[in-house]
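Visitor: Take this structure, written in structure tokens, and hold onto it; I'll ask about it next.
The values are calculated or read from the model by the stated rules, or taken from the named source; none is laboratory data. Here the structure is a predicted model, which is why all the values come from computation and not from measurement. We place every Cβ from the backbone using ideal geometry, glycine too, and count neighbours over all the protein chains shown. Quick note on the areas: whole protein, heavy atoms, side chains included, nothing else; ligands and nucleic acids left out. Shrake-Rupley method; radii C 1.70, N 1.55, O 1.52, S 1.80 Å.
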Amino acid sequence: MNPFKYGSIVLERDFCGREDLLKQIAGHIKAAQNIVVLGERRIGKSSLVYEAVGRLKGTGLLYVDILGIKSVDALCKRILRAIVTIEKKASWLTRMLKTLSYLRPAITIDPVTSMPVISFDASVELTVNSIQEVLDLLESIGRKRRFVVVFDEFQDIQKIGDADESIALLRSKIQFHKLIPYVFVGSIRHRMDELFISPDSAFFKSAIPITVGPLPYEEFSRFLTRKFEKGRRKVCDETLKLVFEIANDITGDIQQLCEALWDVTSERETVAPANLQAALELIFTREQKSYETYIGLLTDLQFKCLTALAREGGKNVYSMKLLKMIGPHSSASVNRAITRMIDINILFKSGKEVRFVNPFFKAWLLPRGR
Ligand SMILES: Nc1ncnc2c1ncn2[C@@H]1O[C@H](COP(=O)(O)OP(=O)(O)OP(=O)(O)O)[C@@H](O)[C@H]1O
Ligand SMILES: [Mg+2]
């Protein structure tokens, strides 16, 4: 079986390093201090938080994924569903059902996980005021039980209807929950930091920021080498250095490329730089449809900018060399083209640099833009 995992949360034996951050997070949780975990996409934010809570025996995890939530109704119902997963006592569930009777809740047991699942009458829609009620419910459980509330992909809170009012309400309630540690997780690229770090934001200074960066090469490469050895493959340092470079040091992308390298090699083989092309081709085959969809969305100028960025890198998007590659266009139209590709999530800004969201798309484009 392929020992590399990507695209989902990794825990325990599949979790590498980050001892310092784990310790810091554990300390904050024990002190019921709220924290905000920030980092690039696929760098390992969710895994870090899950692992930290998992190591704290006796502390429950109330995990609420905000990804894609569009309304206050959906937000409240997601929190209520999460409550049901940590509170299994029948007497307590009955009480909760009574409190929420106007939502006509029904509890069923999921046949796969054997966990209780709550559903609500879809015709009853929760509004901003229900946020208070749901958070009061959280607080009352917090008095009896130790748990951490994790809001993952918290940046999406900005996209719900009544966002400002909801954010302000959340903040004002949460600050009085002295016994409950809240962990807000989100990606820097989606303006998550603005919610907590900008002085006029509702959550300003309400949580201690923790930044998750790349895993150090020494530590992560040792971990990956051991995984290759499990599959009876040797991997040379040179190959791993190239893997980190292609994946831009992003944890999840490194694992994805290792997964493909493992797939295109056999037992007792040494995984060498020469295998990289086949591994990339495997990823391209799997992802080609989405690359083509992306390209279908682009104008001629946007495509030219994209291929020029793939070749030249995006440290200086207005360099003469880059502009020459793109052709006779004003820097304003180049700027517009790049902004558009940031909006549709093909590119992102990291400081002043413009980078590809998917490093494999960049590698795929390289030979195609000539
Ligand atoms: N500590 C770790 N050890 C080994 N691999 C890791 C670690 N953290 C993350 N990964 C790799 O990165 C992938 C993404 O991890 P995770 O989902 O935790 O990141 P994330 O930052 O929450 O991503 P997203 O921005 O998509 O929510 C994992 O599937 C795994 O391949
Ligand atoms: Mg995540």
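Visitor: If you take the residues of segment 44-59 that are over 13 Å from S8 (Cα atoms) and open to solvent by 30 Å² or more (accessible area, probe 1.4 Å), which of them is nearest to ligand 2 (Cβ to nearest atom)?
Guide: Within segment 44-59, the match that is nearest to ligand 2 (Cβ to nearest atom) is G54.
Visitor: Just checking, how many residues over segment 180-217 are part of a strand (DSSP E or B), of a type in the set (A, V, I, L, M, F, W, C) and within 17 Å of the chain's Cα centre (by Cα)?
Guide: 5
Matching residues to (1) on the phi > 0 side of the Ramachandran plot; (2) more than 20 Å from the chain's Cα centre (by Cα); (3) in a helix (DSSP H, G or I):
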| site | (1), (2), (3) |
| --- | --- |
| G27 | no, yes, yes |
| Y50 | no, no, yes |
| L67 | no, no, no |
| L80 | no, yes, yes |
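Visitor: Every residue in segment 129-186 that is hydroxyl-bearing (S, T, Y) and exposed (fewer than 15 other Cβ atoms within 10 Å of the Cβ), please.
Guide: S140, S172
Visitor: While we're looking at this one, here's another question. Across segment 237-253, what is the total count of residues that are open to solvent by less than 40 Å² (accessible area, probe 1.4 Å) and more than 16 Å from ligand 2 (Cβ to nearest atom)?
Guide: 5
Visitor: Yes or no: segment 268-280 includes at least one residue that is crowded, with 19+ Cβ neighbours inside 10 Å, within 22 Å of F360 (Cα to Cα) and not aliphatic (A, V, I, L, M).
Guide: Yes, segment 268-280 contains at least one residue that is crowded, with 19+ Cβ neighbours inside 10 Å, within 22 Å of F360 (Cα to Cα) and not aliphatic (A, V, I, L, M).
Visitor: Further question on the same structure: Give the residue that is nearest to ligand 2 (Cβ to nearest atom), with candidates limited to residues of segment 1-10 that are surrounded by fewer than 19 Cβ atoms within 10 Å (Cβ to Cβ) and within 17 Å of the chain's Cα centre (by Cα).
Guide: Top of the filtered list is I9.
Visitor: Can I ask one more? Pick out, from segment 83-161, the strands (runs of 3 or more DSSP E) lying fully within it that include 1 or more residues that are closer than 17 Å to Y63 by Cα, more than 16 Å from ligand 1 (Cβ to nearest atom) and touching a strand residue (DSSP E or B) at 6+ places or on another chain (Cβ under 9 Å).
Guide: 116-119, 147-152
Visitor: Okay, next question. Looking only at segment 11-43, filter to residues that are away from ligand 2 (no atom under 11 Å from the Cβ) and within 12 Å of Q255 (Cβ to Cβ); which one of those is surrounded by the fewest Cβ atoms within 10 Å (Cβ to Cβ)?
Guide: The first filter runs over segment 11-43 and keeps only residues away from ligand 2 (no atom under 11 Å from the Cβ), leaving 11-36, 38.
Applying the additional criterion that residues be within 12 Å of Q255 (Cβ to Cβ) yields 14-16.
On the way: D14: 16, F15: 19, C16: 20.
Here the residue is D14.
Visitor: Still on this structure, please answer the following. Out of (1) out of contact with any Lys or Arg (no Cβ under 9 Å at 6 or more places or on another chain); (2) away from ligand 2 (no atom under 16 Å from the Cβ); (3) in contact (Cβ under 8 Å) with a residue 60 or more places away in the chain; (4) more than 30 Å from R146 (Cα to Cα), the odd one out for D200 is which?
Guide: (3)
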